[in-house]
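Have a look at the structure below before the remarks.
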Amino acid sequence: MTTDKKSNSAGFSDEEKAAMKERAKELKAEAKANKSKADGEADVLAKIEEMAEHDRSMAKRLHELIKANVPVLAPKTWYGMPAYAKDGKAVCFFQSGMKFGTRYCTLGFNDSAMLDDGSMWPTSFALVEMNAVVEARIIELVKKAVG
């Protein structure tokens, strides 16, 4: 606490008051972001639970991998699929094979993903099973995708 330059009385200066107001805004924004992230994760986990067992186990493992290795991404649903976003934009998503009757699940990347490699690069990958090699490749791709 300092002497206020304008009123010459003991109290917080105008600068200190402004700084406290800014910090209050930051805390409010952080709380909103954390609530949004928690809501997004709950939505993703609910979608994963709706999947058939094989797809569900892969989606759960993907969720764990992204959460542990690329925490900058926020879980959310995107077109009814588990997705992971940066700055509100979905970077990657998991599509259950059952969703569209395909024989495999898909790990897909949107145009915001930084996977550019020359004139052509893959934007989706078929997932048949999770193992150490596949998990390492997923982590590598998702980290590259966020830049």
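The values are calculated or read from the model by the stated rules, or taken from the named source; none is laboratory data. A quick note: this is a predicted structure, and the numbers were derived from the prediction, not measured. Glycine gets a Cβ as well: all are built from the backbone with ideal geometry, and neighbour counts include every protein chain shown.
Things to note:
- Residues satisfying the criterion are present in the range 11-20 (criterion: more than 28 Å from Pro122 (Cβ to Cβ) and part of a strand (DSSP E or B)).
- Residue in the range 51-59 that is within 15 Å of the chain's Cα centre (by Cα), crowded, with 18+ Cβ neighbours inside 10 Å and not polar (S, T, N, Q) present: yes
- Unique match (being at pLDDT 80 or above and exposed (fewer than 10 other Cβ atoms within 10 Å of the Cβ)) among Tyr84, Tyr79: Tyr79
- Of residues in the range 84-109 being assigned to a strand (DSSP E or B) and of a type in the set (Gly, Ala, Ser), the one nearest to Ala68 (Cα to Cα): Ala85
- Filter result for Ser112 (surrounded by fewer than 10 Cβ atoms within 10 Å (Cβ to Cβ), in a loop (DSSP other than H, G, I, E, B) and small (Gly, Ala, Ser)): no
- Whenever a residue of the range 51-69 is farther than 19 Å from Ile139 by Cα, its partners that are in a helix (DSSP H, G or I), lying with C-beta atoms within less than 7 angstrom and at least six residues away or across chains, give the pairs Met51/Ala59.
- Residue in the range 75-84 that is over 12 Å from the mean Cα position of the chain (by Cα) and of a type in the set (A, V, I, L, M) present: yes
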